[in-house]
1. Out of curiosity, is Ala156 under 18 Å from Glu87 (Cβ atoms), crowded, with 16+ Cβ neighbours inside 10 Å and at pLDDT 95 or above?
2. Can you name the residue in the range 17-29 that is assigned to a helix (DSSP H, G or I) and surrounded by fewer than 10 Cβ atoms within 10 Å (Cβ to Cβ) and, of all such residues, is modelled with the highest pLDDT?
3. Based on what the data block shows, is Gly147 more than 16 Å from the chain's Cα centre (by Cα) and surrounded by 14 or more Cβ atoms within 10 Å (Cβ to Cβ)?
4. Pick from the range 181-190 the residues that are of a type in the set (A, V, I, L, M, F, W, C) and surrounded by 12 or more Cβ atoms within 10 Å (Cβ to Cβ): which of them is farthest from Thr162 (Cα to Cα)?
5. If only one of Lys175, Lys161 is charged (D, E, K, R) and over 27 Å from Lys112 (Cα atoms), which one is it?
6. For residues that are among the polar types (S, T, N, Q) and surrounded by 14 or more Cβ atoms within 10 Å (Cβ to Cβ), scanning just the range 199-226, find the one that is nearest to Val61 (Cα to Cα).
7. Any idea how many residues of the range 66-79 are closer than 16 Å to Ile144 by Cβ and either surrounded by 24 or more Cβ atoms within 10 Å (Cβ to Cβ) or under 13 Å from the mean Cα position of the chain (by Cα) (or both)?
Amino acid sequence: VLASSLSKMFTAGLDLNEASNLVEETADMKRDGARTSLSMHKLIRRFQEAITKPDQAPFPVIAAVHGPVFGLGVDIISSCDIRYAAENSIFAIKEVDVGLAADIGSLAYLPKITGNQSLIRELAYTGRAFSANEAEKLGLVSRIIPGSREEVVKAALELAKTIAGKSPIAVSGSKRLISHARDHSVSENLVYTQTWNAHAIVTKDMAECATSMKEKRTPEFAPLKVPSKL
C-alpha cells in the first residue's frame, strides 16, 4: 500500500478550527471534569487507532512524502513501514506550538525509529522544522528523492512493485517479526520467531522459490487474503 497526498504538500497538520469544534462537541461543559476527561480519552483513542492502522496492517505500507509534513503528518508516516521523502520535504512535530504534547503516535514511534532520544526530545520540545536531509540522518526516511510529488511517488511505486514480487508469506512474516522485535526483548522475539516460522515454513512459496531459481524464471505466488477492514 502506498500512502501519499495531493499536489502541494503531504500535510499541514491539524486543522485547528475543526479540532476546536470537535473538542467542544466532545467536552460537554455541563458535565463534571471527570466525565469530560473520559470523553476526551475516547476521542484520542479513536484518533490513535485510525492513525496507527498502517503499523497493524499485515502488509507493508510505504509513505511517499513531499513539501510540509507537519504534526499529524509525522504521526501518520511514523506508523508506516518505509518512508521516502522528496528533497523539498520539511518535517515538524508542531503540537507543542498549539499547547499539546503529540498524542497520536510520534512520541511513541520516533524514539524507536531513530534511536536518538536527545534529538527527538529537542524536536518535540521546540517544534522546530527539520529538512529531508536531517530526517534521513535521523533514520526517519530511508531515501531522499530528487524532485517533488511525482518523483517520490514513482520511486515508492517501484519499491512497492519489487516487494509485491516477493512471497507474501515471507513479506508479511518479516513485518510481523520486525514489529515484534521493536516492542520486545531479543530473547522474546527469538521465541516468537520459532513459533511463527514453525507454521510459515510449510508454505508452498518456498518450493516455488526453489523451482523458479532452477528454471530461471520469475516466481509466481498465490495471493494472501487480508481482512477488508483492519
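1. Against the criterion (under 18 Å from Glu87 (Cβ atoms), crowded, with 16+ Cβ neighbours inside 10 Å and at pLDDT 95 or above), Ala156 qualifies.
2. Asn17
3. Criteria met by Gly147.
4. Only one residue tops the list, namely Leu190.
5. Lys161
6. Result: Thr203.
7. Total meeting the criteria: 3.
Condition check ((1) within 19 Å of the chain's Cα centre (by Cα); (2) modelled with pLDDT under 95; (3) not basic (Lys, Arg)) across all residues:
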| position | (1), (2), (3) |
| --- | --- |
| Glu134 | yes, no, yes |
| Arg143 | yes, no, no |
| Leu177 | yes, no, yes |
| Thr193 | no, no, yes |
| Ala222 | no, yes, yes |
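The values are calculated or read from the model by the stated rules, or taken from the named source; none is laboratory data. Note that the structure is predicted; figures quoted are calculated from it, not measured. Cβ coordinates were reconstructed from backbone atoms using ideal geometry, including for glycine residues, and neighbour counts include every protein chain displayed.
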